[in-house]
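A.B. asks: Quick one: structure below, then a few questions.
The values are calculated or read from the model by the stated rules, or taken from the named source; none is laboratory data. Remember, predicted model here, so these are calculated numbers, not experimental data. Every residue, glycine among them, receives a Cβ derived from its backbone with ideal geometry; neighbour counts consider all protein chains shown. Calculation scope for accessible area: heavy atoms of the full protein, side chains included, ligands and nucleic acids excluded. Shrake-Rupley method; radii C 1.70, N 1.55, O 1.52, S 1.80 Å.
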Amino acid sequence: MLDSESGKPISNARILSQDQIVYTNEDGFAPLDQSSANFEISASGFQSMKFQGVHSQVKLKRIYKNIDEVKLIKVDIKKVFEDVSKNYKKRYYAEPSLYNVTYKEKRSDNNKLYFLVVAETKLWSKTNHYNFKDGFFKDYDKILQMQLNNVKYMKNVKSDSVFTAGTKDFSHEYMGNYFFSFELNRVLYHLKNKESKYSGWIFFEEGDEQLITFKIKSGAGIEMEGECRFNKTDKVITYFEIHYLQDQYPVIKRKTAEGEEYDYQLGNAVLVFDFYKNDGVYVPALSKLEGNKYIAYYKGVKHERKISRELIYNSFKKSDEKGLSPKMDFSKNIWDNLPVKESRNNAILLSGEEQDFINKN
């Protein structure tokens, strides 16, 4: 997948074919089933397109060439987000759901990968919505369950404790970050602060969808910026991306799991949620969390950390309230759970950097 103007690869472009979903990797490539016929492609900042048959190269047009061409229309993002949040269970599918998911997590230190895992999993959700009461009481299995199937790649070449927290408890926020409803609630918390300032602009319209960009300066001192695609007919947010700008915060003291103190500076965080319409209902296609510029000064060495966790919801089907059996024990590290082997046709396509890391002795 290439930018038609610059020729550069487009990462995280969604390709939908016969209710199966894949995304392009960092090099712009995606593993497509050669037998598939019809494809729908969408990517942030680009015009959506449809095509038939597998192509070795596809070029997407940007929604605009120059910022001077864009006619901005002001929009009240607080009003939009409040309406979507209030009607979330009516507009997104809110019944028990079962997904085949490709889970990828990676970490780097000073721009060098040291951990990568790619696995096929199952994910069950009771309502596709974060229940704060169950989360508060740590009844996570009532919200979401996972089953580890096939670990396709896993490599860890470093176990430096500088970025390891002193507890392994599965947290309320960690679980919440799987859900767009949780993030929407967090953003509204900042927007409702009386000292907050914010702005929103409709940047582009394509069919029923509007591309909205926004900036928020919270009364709590947190700055955010992002974009979303809003379907004005169905009144749902189909794509949401937010950047938490935190790298200007002062250095603080932290401790490693072994109790050693070090200097730590917050970095920037990015959360992405993507949805599509399946048989008339909106269900998740992607959730992604990234962190960069997280800096630690440990034993005289500067460590700049990057992390990412990505879930691609390859397929969806309606389920029941029974959930998964067996299921992951969230009190353990995910990778300490025993996998339930399952045969799948999913192809996993690593980026060049990821493949080099796996191949390196």
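A.B. asks: Any residue in the stretch 325-340 that's closer than 15 Å to residue 103 by Cβ and at pLDDT 90 or above: show its pairings with residues that are open to solvent by less than 70 Å² (accessible area, probe 1.4 Å) and not polar (S, T, N, Q) at Cβ separation under 8 Å, as long as the two are six or more apart or on different chains.
C.D. replies: 327/124; 327/141; 327/146; 328/146; 328/148; 328/334; 340/148
A.B. asks: Would you check if residue 175 is open to solvent by less than 10 Å² (accessible area, probe 1.4 Å), within 17 Å of residue 335 (Cα to Cα), in contact (Cβ under 8 Å) with a residue 40 or more places away in the chain and not in a strand (DSSP E or B)? Working first, answer last.
C.D. replies: Working: open to solvent by less than 10 Å² (accessible area, probe 1.4 Å): yes; within 17 Å of residue 335 (Cα to Cα): yes; in contact (Cβ under 8 Å) with a residue 40 or more places away in the chain: yes; not in a strand (DSSP E or B): yes.
Considered against the rule, which asks whether it is open to solvent by less than 10 Å² (accessible area, probe 1.4 Å), within 17 Å of residue 335 (Cα to Cα), in contact (Cβ under 8 Å) with a residue 40 or more places away in the chain and not in a strand (DSSP E or B), residue 175 comes out as yes.
A.B. asks: Here is a follow-up. So, of the residues in the stretch 263-288 that are open to solvent by 40 Å² or more (accessible area, probe 1.4 Å) and within 20 Å of the chain's Cα centre (by Cα), which turns out to be farthest from residue 236 (Cα to Cα)? Steps first, answer last, please.
C.D. replies: Initial filter on the stretch 263-288 (open to solvent by 40 Å² or more (accessible area, probe 1.4 Å)): 263, 266, 277, 279-280.
If we keep only those that are within 20 Å of the chain's Cα centre (by Cα) too, we end up with 266, 277.
Values: 266: 32, 277: 11 Å.
Top of the filtered list is 266.
A.B. asks: Also, I was wondering about something else. Look at the stretch 210-226 and say how many of its residues are within 24 Å of residue 88 (Cβ to Cβ) and open to solvent by 40 Å² or more (accessible area, probe 1.4 Å).
C.D. replies: Residues of the stretch 210-226 within 24 Å of residue 88 (Cβ to Cβ): 210-216, 218, 220, 222, 224-226.
Then drop every residue that is not open to solvent by 40 Å² or more (accessible area, probe 1.4 Å), which leaves 215, 220, 225.
Looking only at that region, the number is 3.
A.B. asks: To continue, here is another question. Filter the stretch 99-121 down to the residues that are within 19 Å of the chain's Cα centre (by Cα) and open to solvent by 30 Å² or more (accessible area, probe 1.4 Å) and list them by number. So that I can check it myself, show each step before the final result.
C.D. replies: First pass over the stretch 99-121, keeping only residues within 19 Å of the chain's Cα centre (by Cα): 99-108, 115-121.
Within the stretch 99-121, 100, 104, 107 qualify.
A.B. asks: While we're here: Which of the following residues is among the basic types (Lys, Arg), closer than 30 Å to residue 43 by Cβ and either part of a strand (DSSP E or B) or open to solvent by 40 Å² or more (accessible area, probe 1.4 Å) (or both): 306, 332? Talk me through it step by step, then tell me what you get.
C.D. replies: On the way: 332 fails: closer than 30 Å to residue 43 by Cβ.
Just a single option satisfies the conditions, and that option is 306.
A.B. asks: Here is a further query. Condition first: outside any strand (DSSP E or B) and under 19 Å from the mean Cα position of the chain (by Cα). Now tell me which residues in the stretch 132-155 satisfy that.
C.D. replies: Selection gives 143 alone.
A.B. asks: Six or more apart or on different chains, Cβ under 8 Å: which pairs go from a residue in the stretch 128-141 that's farther than 19 Å from residue 318 by Cα to one that's of a type outside the set (A, V, I, L, M) and assigned to a loop (DSSP other than H, G, I, E, B)? Could you list them?
C.D. replies: 138/170; 140/170; 140/330
A.B. asks: Counting only residues that are farther than 30 Å from residue 182 by Cβ and open to solvent by 30 Å² or more (accessible area, probe 1.4 Å), give me the strands (runs of 3 or more DSSP E) lying completely in the stretch 8-97 with at least 2 of them.
C.D. replies: 49-52
A.B. asks: Still on this structure, I have one more. Yes or no: the stretch 158-165 includes at least one residue that is open to solvent by 50 Å² or more (accessible area, probe 1.4 Å) and at pLDDT 90 or above.
C.D. replies: Looking for residues that are open to solvent by 50 Å² or more (accessible area, probe 1.4 Å) and at pLDDT 90 or above, one finds none in the stretch 158-165, hence no.
A.B. asks: If you scan the stretch 18-36, which residues turn out to be of a type outside the set (Asp, Glu), in contact with a strand residue (DSSP E or B) (Cβ under 6 Å, 6 or more places away or on another chain) and farther than 15 Å from residue 102 by Cβ?
C.D. replies: Correct list: 28, 36.
A.B. asks: Also: State the number of residues belonging to the stretch 239-258 that are open to solvent by 20 Å² or more (accessible area, probe 1.4 Å) and touching a residue at least 60 places away in the same chain (Cβ under 8 Å).
C.D. replies: Taking the stretch 239-258 and keeping what is open to solvent by 20 Å² or more (accessible area, probe 1.4 Å), we get 239, 241, 243, 245-255, 257-258.
Retained after the next criterion (residues that are touching a residue at least 60 places away in the same chain (Cβ under 8 Å)): 239, 241, 255, 257-258.
So the answer is 5.
A.B. asks: Something else now. Tell me, which residue of the stretch 343-361 that is open to solvent by 60 Å² or more (accessible area, probe 1.4 Å) and more than 22 Å from the chain's Cα centre (by Cα) is nearest to residue 275 (Cα to Cα)?
C.D. replies: By that ranking, first place goes to 345.
A.B. asks: Given the structure, is residue 133 open to solvent by 60 Å² or more (accessible area, probe 1.4 Å), at pLDDT 90 or above, out of contact with any strand residue (DSSP E or B) (no Cβ under 8 Å at 6 or more places or on another chain) and not aliphatic (A, V, I, L, M)?
C.D. replies: Judged against the criteria, residue 133 is a match.
A.B. asks: OK, next. Suppose we filter 298, 294, 313 for residues that are touching a strand residue (DSSP E or B) at 6+ places or on another chain (Cβ under 6 Å), among the hydroxyl-bearing types (Ser, Thr, Tyr), farther than 30 Å from residue 215 by Cα and surrounded by 15 or more Cβ atoms within 10 Å (Cβ to Cβ); which single one remains?
C.D. replies: Result: 298 is the single residue among 298, 294, 313 that is touching a strand residue (DSSP E or B) at 6+ places or on another chain (Cβ under 6 Å), among the hydroxyl-bearing types (Ser, Thr, Tyr), farther than 30 Å from residue 215 by Cα and surrounded by 15 or more Cβ atoms within 10 Å (Cβ to Cβ).
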